[in-house]
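A.B. asks: Let me begin by handing over the structure; questions about it come next.
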Amino acid sequence: MHKLKYLSPKKIMEDNNQLNVRERRKRIVELVNRTGYYRSSDLTKEFEVSTMTVRRDIKWLANSGLVQSIHGGAQSLDPGNTNYSYDIRLKEHQLAKQAVAQIACNYLKPNTIIALDGGTTAFEFARVLPPDMDLTVVTYSLPVMSVLSKRKDIELISLGGVLLKQTQSFVGQLTNLTLNELRISTLFLGARTVHNGYIYSGFSQIIDVKRALINASEKVILLVDSSKFLESVGFRMASLNDIDLVIVDDSKDIKEYICGLEDVEIIQVPIKSNTERQSE
């Protein structure tokens, strides 16, 4: 005869809560590893738990060696092994990035000094820079340098420093010192996300470089695909008030995300026409 085991309602609730904790912490690790960084405030919304619960989870995960606890959230121990790696990000929303890059060419002026950010959209922009404009291009992006180094009509200024492999861009004190000596006509900037009127970067190491580029530029144009408005992860880098123009694709409805940003000029680019040109 089997011996029946009685579980009290209290015991069942405790077991369920423990299971929920394990599942939630497992999911937190997955989110952090996928994005590289996740804010505590977004985790509270994701799991509908209190701020204190999220703090305890992050502390436990950090003590277990699964994530890194930093101010305001949790960061992956090795962002280079996540979807944040450059090669993977380059393929994400590629048609949208190419459409944005094509329109950005309309804002170039011959014989000027421009700067290209280190993101994948800036890389797509570098690939379609029109010929015979005699541009001087400042960049800290290794892939952008590789593309433009073959161009005889472009004078390339490389910002040196330490190579951040996850972003394939140079960072550090040497990079910033070089920027202090430059004055740039137009900066074509990228972002990890755009949220509540602020621009976020995926890596804390490149925030200083991006801010220095903004300060050194007379005009700043933000190049992003529309998915950047639908997420809220990263390190706050600048305000949209620092931006003169935003160029974004129209594949997603971002109206609710740009509500209250009437002072920021935003151009939405159709992807369809760009796709049709590629197929011709």
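A.B. asks: Restrict the check to segment 119-131 and report whether at least one residue is assigned by TED's automatic domain parsing to the domain that holds Ile271, farther than 30 Å from Ile258 by Cβ, assigned to a loop (DSSP other than H, G, I, E, B) and without any contact (Cβ under 8 Å) to a residue 12 or more places away in the chain.
C.D. replies: Going through segment 119-131, the residues assigned by TED's automatic domain parsing to the domain that holds Ile271 turn out to be 119-131.
This time we only want the ones that are farther than 30 Å from Ile258 by Cβ, so: 131.
Keeping just the survivors that are assigned to a loop (DSSP other than H, G, I, E, B) gives 131.
Going one step further and asking which of them are without any contact (Cβ under 8 Å) to a residue 12 or more places away in the chain, we end up with none.
No.
A.B. asks: Could you tell me whether any residue of segment 231-241 is surrounded by 15 or more Cβ atoms within 10 Å (Cβ to Cβ), at pLDDT 80 or above and among the β-branched types (Val, Ile, Thr)?
C.D. replies: no
A.B. asks: Further question: Return the pairs, sorted by first residue and then second, in which the second residue is modelled with pLDDT of 65 or more and of a type in the set (Lys, Arg), the first residue lies in segment 71-97 and is surrounded by fewer than 20 Cβ atoms within 10 Å (Cβ to Cβ), the beta carbons are less than 7 Å apart, and the residues are 6+ apart or on different chains.
C.D. replies: Gly72/Arg39; Gly80/Lys165; Thr82/Arg34; Asn83/Arg34
A.B. asks: Is there a residue being touching a strand residue (DSSP E or B) at 6+ places or on another chain (Cβ under 7 Å), outside the structural domain of Thr193 (by TED's automatic domain parsing), farther than 24 Å from Ile267 by Cβ and modelled with pLDDT of 90 or more anywhere in segment 49-60?
C.D. replies: As a first pass, look at segment 49-60 and keep what is touching a strand residue (DSSP E or B) at 6+ places or on another chain (Cβ under 7 Å): 58-59.
Right, trim to outside the structural domain of Thr193 (by TED's automatic domain parsing) and you get 58-59.
Restricting the remaining residues to those that are farther than 24 Å from Ile267 by Cβ gives 58-59.
If we keep only those that are modelled with pLDDT of 90 or more too, we end up with 58-59.
Yes; the residues of segment 49-60 include at least one that is touching a strand residue (DSSP E or B) at 6+ places or on another chain (Cβ under 7 Å), outside the structural domain of Thr193 (by TED's automatic domain parsing), farther than 24 Å from Ile267 by Cβ and modelled with pLDDT of 90 or more.
A.B. asks: Across segment 24-58, which residue is surrounded by the most Cβ atoms within 10 Å (Cβ to Cβ) among those that are part of a helix (DSSP H, G or I) and basic (Lys, Arg)?
C.D. replies: So in segment 24-58, the residues part of a helix (DSSP H, G or I) come out as 24-35, 40-47, 51-58.
Checking which are basic (Lys, Arg) leaves us with 24-27, 34, 45, 55-56.
On the way: Arg24: 17, Arg25: 19, Lys26: 12, Arg27: 14, Arg34: 13, Lys45: 11, Arg55: 14, Arg56: 14.
Residue satisfying both the conditions and the ranking: Arg25.
A.B. asks: A follow-up question, please. Go through segment 179-198 and report how many residues are more than 14 Å from Ala122 (Cβ to Cβ) and either buried (at least 17 other Cβ atoms within 10 Å of the Cβ) or modelled with pLDDT of 90 or more (or both).
C.D. replies: From segment 179-198, those more than 14 Å from Ala122 (Cβ to Cβ) are 179-183, 185, 193-198; that's our starting set.
Filter once more, keeping what is either buried (at least 17 other Cβ atoms within 10 Å of the Cβ) or modelled with pLDDT of 90 or more (or both): 179, 183, 185, 193-195, 198.
Qualifying residue count for the region: 7.
A.B. asks: Can you name the residue in segment 103-121 that is at pLDDT below 95 and touching a helix residue (DSSP H, G or I) at 6+ places or on another chain (Cβ under 6 Å) and, of all such residues, is surrounded by the most Cβ atoms within 10 Å (Cβ to Cβ)?
C.D. replies: So the residue we want is Thr121.
A.B. asks: Related question: Filter segment 154-178 for residues that are buried (at least 21 other Cβ atoms within 10 Å of the Cβ) and not in a loop (DSSP other than H, G, I, E, B) and give the result.
C.D. replies: Leu164, Ser169, Phe170, Val171, Thr175
A.B. asks: Still on this structure: Can you tell me which residues in segment 190-230 are under 19 Å from Tyr107 (Cβ atoms) and assigned to a loop (DSSP other than H, G, I, E, B)?
C.D. replies: Gly190, Ala191, Ala216, Asp225
A.B. asks: Can you tell which of Asp225, Asp253, Asp242, Asp208 is outside the structural domain of Arg39 (by TED's automatic domain parsing) and over 26 Å from Leu159 (Cβ atoms)?
C.D. replies: Numbers: Asp225 fails: over 26 Å from Leu159 (Cβ atoms); Asp242 fails: over 26 Å from Leu159 (Cβ atoms); Asp208 fails: over 26 Å from Leu159 (Cβ atoms).
Residue meeting the stated conditions: Asp253.
The values are calculated or read from the model by the stated rules, or taken from the named source; none is laboratory data. This structure is a prediction, so every number in the text was calculated from the model and none was measured. Don't worry about glycine lacking a Cβ; one is built from the backbone with ideal geometry, like all the others, and counts go over all protein chains shown.
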